[in-house]
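Okay, so here's the structure we're looking at.
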Amino acid sequence: MFDLSETVNRKFVDSVELSDWEIETDSGWQPITHIHKTVPYQEWILKTETNKQLVCADTHIIFDEKYNQIFTKDCVKNKTKIITKDGPELVTEIVETSSYSNMFDVTVDSEDHRFWSGDILSHNSTILDALTFVLYRSLFSPHKSGSIQNPSPKISGIGS
């Protein structure tokens with residue numbers, strides 16, 4: 001099967017190896033082995049018919065209704081259907097913004113490398129949300145204490 005992620009060269013500025021962390025996927029909880037911080041990418045906003053929203057890079061990979069990989073930038077408003085936790089949903093809005101943010105990529109240790117990002121099935125980098133921010137700060141902060149208050153080894157719903 002063709003892997004769209006092989007066509008994208010992510011520019012990582014930091015990476016951390018993880019153990020005993022899992023992420024929610026469409027096949028259950030799967031281990032993640034790394035989290036990577038990228039250079040700033042332009043933010044794109046994708047919304048679905050039930051107001052699911054994802055803020056991501058133009059080359060963020062999601063899945064169409066037949067589980068084919070598709071870049072966010074290639075979605076067509078009111079035409080493309082993507083996989084969500086509630087099943088296939090129509091993309092009702094796709095906006096290229098003027099904002100830039102560091103994106104974060106997780107390495108999912110599974111054959112398909114899929115995970116839920118804001119209830120949208122994803123394959124790669126996504127903008128930092130509150131839960132990921134706690135993980136990121138605990139791993140990358142130069143002033144970290146080495147522990148997280150009430151840590152959870154599972155990550156659910158990464159993305160906005």
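Remark on S15: its backbone amide H falls under 5 Å from those of K37, a criterion applied only to residues 5 or more positions apart or on other chains, H modelled at 1.01 Å from N.
Annotation for T50 and D112: the two label points, set 7 Å from Cα along the Cα-Cβ direction, are 1.8 nm apart. Subtracting the Cα-Cα distance of V76 and K11 from their residue separation scaled by 0.36 nm leaves 20.7 nm. For segment 13-120, lysine pairs with C-alpha atoms less than 12 angstrom apart, excluding pairs fewer than eight positions apart on the same chain, total 4. Relative to the current alpha-carbon distance between S98 and E65, full extension at 0.36 nm per residue lengthens the span by 9.0 nm. The Cα trace of segment 11-108 gives Rg and Dmax of 14.4, 41 Å, the first to one decimal, the second as a whole number.
Under the combined filter of DSSP loop state and at most 16 neighbouring Cβ atoms within 10 Å, segment 1-104 retains these trypsin sites (Lys or Arg not before Pro): R10, K11, K66, K77, K79, K85.
Values quoted throughout were computed directly from the atomic coordinates according to the rules given, and no laboratory measurement underlies them. Owing to the predicted nature of the structure, the values given are computational and were not obtained by experimental measurement. Every residue, glycine among them, receives a Cβ derived from its backbone with ideal geometry; neighbour counts consider all protein chains shown.
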